[in-house]
Structures are given as C-alpha cells and as structure tokens.
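Here the structure is laid out as structure tokens; the discussion comes afterwards.
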Ligand SMILES: [Zn+2]
C-alpha cells in the first residue's frame, strides 16, 4: 500500500501500489474522481471544438480571463466569463 493525496479534495488515503503504478488511485473516492474529470473534459471539449491550437486557445483564455469562443474555423468570436452562463444568448448572436 502507498500513501496518496486526493487530487480533488486533498484528503490522504491509502492505495494499492500496483494501482498507483498504473496511474490510478489519484482520488479518495469515486465522487472526487467524477468531479475532477467533469471539470477537465468540459474544458477539453470546449477547446476541441474551437478550431484553434492549444497555444492560441490558452492565450485568449488568459487574455480575457474566461472561456474563449471560436466559430470552429479558428475565428475568435467572443468569450464566456467563468461562472457566467451566457451560452444561450451567444448561440443566437451570430450574424
Ligand atoms: Zn477526495
């Protein structure tokens, strides 16, 4: 067994060494794992559909402090501030 720290909530827990070697055992519980993965895949999905490379995406993300929106061909069209749900509005805003 190996001592691990949950990457989501920071709680210490014990994991099987074999699991750690496989890159598992990063979270103390299934709910922590789900929480962390949801966050990551959400960002990743947004980036995948953006049509820009990762460097450009992160540049805009830093510059505007939110989630940059692209039209799928790499054209920057605006951004969604973190925690502000404006997606419905933006869907109807294209002209
Ligand atoms: Zn946890």
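The values are calculated or read from the model by the stated rules, or taken from the named source; none is laboratory data. This one's a predicted model, so the numbers in the text were calculated from it and none came from an experiment. Note that we place each Cβ from the backbone using ideal geometry, even for glycine, and neighbour counts take in every protein chain shown.
Residues that are modelled with pLDDT under 90, within 11 Å of the ligand (Cβ to nearest atom) and surrounded by fewer than 14 Cβ atoms within 10 Å (Cβ to Cβ) within region 8-29 are absent altogether. The requirement of being in a helix (DSSP H, G or I), away from the ligand (no atom under 16 Å from the Cβ), crowded, with 16+ Cβ neighbours inside 10 Å and at pLDDT below 80 is satisfied by residue 47. Pairs linking a residue in region 11-29 that is within 10 Å of residue 1 (Cα to Cα) to a residue that is part of a loop (DSSP other than H, G, I, E, B) and more than 9 Å from the ligand (Cβ to nearest atom), with Cβ atoms under 8 Å and 6 or more positions apart or on different chains, are 14/1; 15/1; 15/24; 15/25; 16/1; 16/25; 17/1; 19/25.
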